[in-house]
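To start, the structure itself, in C-alpha cells.
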Amino acid sequence: MTASLPRQAAPRHAPRRPAEDPRHKARRRALTLLIIGLLIGVPAGYLVISANQSRNSGKDKEAKYSATGLTPGWPSKVQRRLYQVTVPHPADYIAFYETNNWKTSRLYVQFRTNAAGLDGFLQTMGARRDELKKGDIAIGSRDQKVSGWHFTGAGPWWGLTHKQKNPAPTQDVVVNMSDPKYPMVYVVSRTVP
C-alpha cells in the first residue's frame, strides 16, 4: 500500500504570473541561442586559429632546418652568442648556415663591412688585424664545400684561426681585401658540445 503525500496548497495571496508575450519569449530564446553559440563558437575559433599558427610555425621550422646552404640574413642572437660571432654594423651581404651533429657544431657566416667594422669584429673575437696572414686560407676544403665558398677570385686573401679551449668555439676567418674599404669576411665557428 502506498501512502499518499499531502499536497501543499498554493498561497492564497500570491500574485499570478502573467502569461509571457510572444516578443519576450522570442527575445529570451534568441539570448539563450546567442549564449550557447558563444560558449561553443569562441573556443572552437580559438582552436582553429591555434592549429593554423602551429602548422605555420612547423612549416617555418621545417624550411629553416632543411636548408642545405647559406641563408641570407642574420644568424639569431643565440647563434651569435653561442658561436661568438659578432656581425658588425654596418654590414651587408650577410648570410649564414648552421650544422649540428653529435661531434661538432658549426656556424658559417659571411658579411661585407668597412675597415672599422672588420677591426671591431676581430676585436670582439679576441684577435687583431695584424694577426691576419696574407694568402692564408684558414677555412678548410670540407667547410668550403659545405658552405659553397670558393676562395679563388680576386684577392688578396687574408686569414687566421682563433683557437680557444673547449667548450669555447674556435673560429676560422678568411677576409677578401680586393676592396680594402669594404672587406668581405667569411667565418666558420665550430664548437664541441
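The values are calculated or read from the model by the stated rules, or taken from the named source; none is laboratory data. Computed from a predicted model, the values in this text were never measured in an experiment. Here the Cβ is made from the backbone with ideal geometry for all residues, glycine too, and neighbour counts use every protein chain on show. The accessibility values were calculated without ligands, DNA or RNA, using every heavy atom of the protein model including side chains. Shrake-Rupley method; radii C 1.70, N 1.55, O 1.52, S 1.80 Å.
Of the peptides 87-98, 131-142, 40-51, 164-175, how do they stack up when ordered by the mean number of other Cβ atoms within 10 Å, highest first? Walk me through the numbers before you get to the answer.
Working: 87-98: 16.2, 131-142: 14.5, 40-51: 10.1, 164-175: 17.7.
So the order, starting with the most tightly packed, is 164-175, 87-98, 131-142, 40-51.
Per-residue surface analysis assigns residue 24 an accessible area of about 90 Å², computed on protein heavy atoms at 1.4 Å probe radius. In the full protein context, the chain carries 72 Å² of accessible surface per residue, based on a 1.4 Å probe and ignoring ligands, DNA and RNA. Among the listed options (1) 111, 44, 27; (2) 86, 53, 31; (3) 41, 41, 37, the one matching Cα extents along the principal axes in Å as calculated from these coordinates is (1). Label reach from residue 103 (point 7 Å along Cα→C-beta): in the range 159-176, amide nitrogens under 17 Å belong to 170.
Relative to the longest principal axis of the Cα atoms of the chain, helix 22-65 runs at roughly 20 degrees. Residues whose amide H lies under 5 Å from that of residue 71, counting only those 5 or more places away or on a different chain, are 96, 97; hydrogens are built 1.01 Å from N in the peptide plane.
When a/c is below 1.5 the answer is rounded, else prolate if a/b is larger than b/c, else oblate, so apply that to the range 91-132 with a ≥ b ≥ c taken from the square roots of the Cα gyration tensor eigenvalues. Before the final figure, lay out each step's value.
On the way: a/c = 3.82, a/b = 1.60, b/c = 2.39.
Note, shape of the range 91-132 comes out oblate.
Rounded to the nearest Hz, the phi-derived 3J(HN,Hα) couplings of the range 154-163 under the Karplus curve 6.51 cos²θ - 1.76 cosθ + 1.60 (θ = phi - 60°) are 4, x, x, 9, 10, x, 7, 10, 9, 8, where x marks glycine and proline. Pairs of lysines in the range 63-193 whose Cα atoms sit within less than 18 Å of one another amount to 5, provided the residues are eight or more positions apart or on different chains. Rounded to the nearest 10 degrees, the angle from helix 115-125 to the longest Cα principal axis of the chain is 70 degrees.
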